[in-house]
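Colleague: Below are the structure tokens for one structure; questions will follow.
The values are calculated or read from the model by the stated rules, or taken from the named source; none is laboratory data. Here the structure is a predicted model, which is why all the values come from computation and not from measurement. Methodologically, a virtual Cβ is constructed for each residue, glycine included, from the backbone with ideal geometry; neighbour enumeration extends over all protein chains shown. Areas reflect the complete protein model, heavy atoms only, side chains present, ligands, DNA and RNA absent. Shrake-Rupley method; radii C 1.70, N 1.55, O 1.52, S 1.80 Å.
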Amino acid sequence: AVCLNTCIKARNGECNDGRPKLGATDIGVPYEVLCDLGTDCDDCGAWVPSGHVPWTDSSTPGPVSRLVAKGVKVLLKKTVTAPPFHFAYTDPTKDVDVSGHMEHHGVVERGITKLFYQIFKQGCMPSGPGGKRGLFVDVGSNFGWFAVQAASLGCRVLAFEPVPHFHAFLEYSVHLNGLAHLVDMRSNVVSHETGKTMEMFVPSRGIWGTAGIGGLNIDRAVANSTNEALHVPSQTLDELVAEQVLLMKVDVEGWEWSVMAGAAYLLNLYSVHNIVMEYSPGVPERHFKMKEMAATVQMLVNLVDAGYRIAHLGDATKHVGGSWDSPLPVSEEVTRNNLMYDLVDVALFAESKLGCPLPPALERKWGICNALPEDVNPRSLRSVIGHNTNLWASKRKDLPLSGTVGVIKLDAPGNQYF
């Protein structure tokens, strides 16, 4: 047991480490956490952890202490998921995405959470004597929403989150829910190279989750005078994972191509049953990174060539309702034929010829080449998304698919325009 009175709020007659609300059924009111687990012992009682705890003495600050020292508010609520768990987040006026959804709805990305719930429910627990729990690889764990969800349903979790304040939220939620024995939390960047120091930039306002390599996806329209620069060593999935993976989630702000390149052996030698990613072609496009643009499309071509079918979940599916066990929405398929148009468009973009010269039969209201997504081929994946979207790649036979992506169909006449 951990029993310390090192919290600044220790011995004030009120438990401030988050545990008083663990039995509460009311999900409407958030609870502010001021102390690390086990550091408000006289008020809360001793805490029995489920795994290794670094903050067992006053010289090592716990995750809440680290956050409070940086002026970051820690709020706690019970989720509306199946099963429910307790999740820590911050002031929703400063982080409008994850924290905003948690504050107002008690769930983050309900549609994706529903998909993950159904995958975890079927595959987390071992199917027979001597079997292993399913493995969830979470690249870009952020506040830890999906890592905690997976562990609460019985999965083993390998979670990567290099941003210190995100890692602190992840660490606190994992320990609070008694799941530390199932979750391996790493602070490395995942890429196609091992041991390289990567520079990241982290916003303090807007959407905190846009933190990423080089800060390429940070919204410049949001005033962020205190963007934090980090230097973090990288690892590849190939050096860390050598077994079947139930689900891999990749959400790294345009760095997906690098993560997948560093998982080539994993994908070839072992079964990765499901891959859900935020596909972000807009990130390299915005900065005219031509090699990364091509690599982003080629990543999907490689998956299709490896036997995966890809469902375009999109933004609409991201927040769909319905019961947790109801059928998943039907998605359009991203095919190899679609992606060939994407690859050609990348080559044209690199030559500043995308959309130019204008076919004589067309008239348009913009006069520039390389407009995205207006000038891309209408049969491409890129034609139906803005900056980014959500994809589900799987080899399962019951993937809910109907039709293919594109503004016009692949078999439309060659002279049909939009």
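Colleague: Can you find, within segment 118-169, the residue that is modelled with the highest pLDDT among those that are of a type in the set (D, E, K, R) and more than 22 Å from T79 (Cα to Cα)?
Modeller: Once the filter is applied, the top-ranked residue is R133.
Colleague: I'd like the full set of residues that are of a type in the set (V, I, T), closer than 20 Å to N302 by Cα and outside any strand (DSSP E or B), limited to segment 374-415.
Modeller: V405
Colleague: Between residues in segment 236-249 that are among the hydroxyl-bearing types (S, T, Y) and residues that are buried (at least 21 other Cβ atoms within 10 Å of the Cβ) and at pLDDT 95 or above, which pairs lie under 6 Å by C-beta distance while being six or more apart or on different chains?
Modeller: Short answer, once both residue conditions are applied: T236/G262.
Colleague: Here is a follow-up. Please give the number of the condition M248 fails out of (1) closer than 30 Å to N370 by Cβ; (2) at pLDDT 95 or above.
Modeller: Failing condition for M248: (1).
Colleague: Which residues, counting only those in segment 400-415, are free of Cβ contacts under 8 Å to residues at least 40 places away in the same chain and closer than 11 Å to E332 by Cβ?
Modeller: Result: K409, single match.
Colleague: Suppose we filter G307, G314 for residues that are in a loop (DSSP other than H, G, I, E, B) and open to solvent by less than 20 Å² (accessible area, probe 1.4 Å); which single one remains?
Modeller: G314
Colleague: Which residues, taken from segment 344-369, are surrounded by 16 or more Cβ atoms within 10 Å (Cβ to Cβ) and either over 22 Å from K289 (Cβ atoms) or at pLDDT 90 or above (or both)?
Modeller: Result: D345, V346, L348, F349, L354.
Colleague: V148 versus (1) surrounded by 24 or more Cβ atoms within 10 Å (Cβ to Cβ); (2) not in a helix (DSSP H, G or I): which is the lone unmet condition?
Modeller: (2)
Colleague: When you go through V137, V157, V108 one by one, which is the residue that is more than 26 Å from K94 (Cβ to Cβ), without any contact (Cβ under 8 Å) to a residue 40 or more places away in the chain and crowded, with 19+ Cβ neighbours inside 10 Å?
Modeller: V157
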